[in-house]
1. Residue by residue through segment 235-249, note down the ones that are surrounded by fewer than 17 Cβ atoms within 10 Å (Cβ to Cβ), in contact (Cβ under 8 Å) with a residue 12 or more places away in the chain and either closer than 10 Å to L207 by Cα or under 18 Å from the mean Cα position of the chain (by Cα) (or both).
2. Give V284, V276, V262 a once-over and let me know the one that is farther than 26 Å from T3 by Cα, crowded, with 18+ Cβ neighbours inside 10 Å and not hydroxyl-bearing (S, T, Y).
3. Give the number of residues within segment 120-140 that are assigned to a loop (DSSP other than H, G, I, E, B), in contact (Cβ under 8 Å) with a residue 24 or more places away in the chain and not hydrophobic (A, V, I, L, M, F, W, C).
4. Looking only at segment 143-169, which residues are in contact with a Gly (Cβ under 7 Å, 6 or more places away or on another chain) and either over 23 Å from K24 (Cβ atoms) or free of Cβ contacts under 8 Å to residues at least 24 places away in the same chain (or both)?
5. For segment 141-248, please list each of the strands (runs of 3 or more DSSP E) lying entirely inside it that holds at least 1 residues being among the basic types (K, R) and within 30 Å of S109 (Cα to Cα).
6. Answer with yes or no whether N228 is of a type in the set (S, T, N, Q), at pLDDT 95 or above and closer than 28 Å to D273 by Cβ.
7. All but one of (1) out of contact with any Asp or Glu (no Cβ under 9 Å at 6 or more places or on another chain); (2) outside any helix (DSSP H, G or I); (3) of a type in the set (S, T, Y) hold for T117; which doesn't?
8. Within segment 5-25, does at least one residue satisfy the condition of being among the aliphatic types (A, V, I, L, M), within 30 Å of E216 (Cβ to Cβ), in a loop (DSSP other than H, G, I, E, B) and modelled with pLDDT of 95 or more?
Amino acid sequence: MKTAIVGLTAGDEGKGRCCAYFAKDTDWTIKFNGGPNSGHTVIDNDGRAYKFHHLTAGAAFQKKVAIDTGSVLDLNILRKELKETKQHVDLYISENVHLIQSRHIEKDSSGSGVGSTKKGIAYVYADRALRKGKRVTQSDLDKHGIKATIYRGLPPVKIHENALFEGAQGLMIDIDYGEYNRVTSSSIMPSSVHRIDKFIGVMKAYLTRVGDTFIEHPDIPLLRKLGNEFGTTTGRPRKCTWNDIDQLKYAISIVQPDEIVVTKLDILNGMNDITVYKNGEPYVIGNLDSYKDFLISTFKQIKWFSEAPDGDLIKAQ
């Protein structure tokens, strides 16, 4: 079984906790897009928290890890993450992965950058498109003291093994399908060469976006405070507001998930004025039970709820 987990909004949906939950029952966890501009917060079986940018959730659970075609790589950040895990990571890296170089970071940090994380992302992807980028080699890994296997083509997943493809960011900032031009520099969908058996979409109980935002609805500071909504990569405060149903329907029409996980419902516990936006107008739903009923009736693909801070998932129906 090959399962892909993708975000349905602007990222920060809680994909890290979902990836960690499903990674426990898989053999491989594979990152297929983005670089250190995105991050997953993962909690292992001992309660230790990791903030991964290159590594996947599987690195916290002794799974095979692949950084696949579509990703870009900062070897300094990868080395640091590997050191912080304090355990062996069975790591595989596609020979098609492009390296973030100092000039990419310098240009992104000079004031002329198009991005917000200053990690050189836009410029390494630009070099890739201009066919003047640098791809990772075994020599590069050796120089940085990184133990990994370089592979050609698809990740070397055996026919009897299960694989979880971990997406970064979310559909609404996809380079093609997102709210252009306030988007990221990569596609948030796995390449069509991967035969994915199941897509799992992730949405949060409310809407957030860090950095330059397309979100027009009023900011709600209480949601930011209760949800501790600050970027994993930059630490910047996220804009927080109620979910936009029309936007979610659009994202679902593109991703076409077989199942949907709704995260951070616990943040709304005790509220009686939970609201959504439809056709640009606010509609008050009511308390958390009413909101869950509304979500299930609106989106038939919802199968999982995350209602606890520890990230455990429960069946929605």
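1. Listed by number, the residues that qualify are R236, P237.
2. Values: V284 fails: crowded, with 18+ Cβ neighbours inside 10 Å; V262 fails: farther than 26 Å from T3 by Cα.
When all the criteria are applied, what remains is V276.
3. Final tally of qualifying residues: 4.
4. Answer for segment 143-169, where residues must be in contact with a Gly (Cβ under 7 Å, 6 or more places away or on another chain) and either over 23 Å from K24 (Cβ atoms) or free of Cβ contacts under 8 Å to residues at least 24 places away in the same chain (or both): just Q169.
5. By residue number, 207-209, 239-241.
6. no
7. Only one criterion is unmet by T117, namely (1).
8. Going residue by residue through segment 5-25, those that are among the aliphatic types (A, V, I, L, M) are 5-6, 8, 10, 20, 23.
Then drop every residue that is not within 30 Å of E216 (Cβ to Cβ), which leaves 5-6, 8, 10.
Among the residues that remain, those that are also in a loop (DSSP other than H, G, I, E, B) are: 8, 10.
Right, trim to modelled with pLDDT of 95 or more and you get 8.
Yes, segment 5-25 contains at least one residue that is among the aliphatic types (A, V, I, L, M), within 30 Å of E216 (Cβ to Cβ), in a loop (DSSP other than H, G, I, E, B) and modelled with pLDDT of 95 or more.
The values are calculated or read from the model by the stated rules, or taken from the named source; none is laboratory data. This one's a predicted model, so the numbers in the text were calculated from it and none came from an experiment. For neighbour counting, all protein chains shown are included, and Cβ atoms are generated from backbone atoms with ideal geometry for every residue, glycine included.
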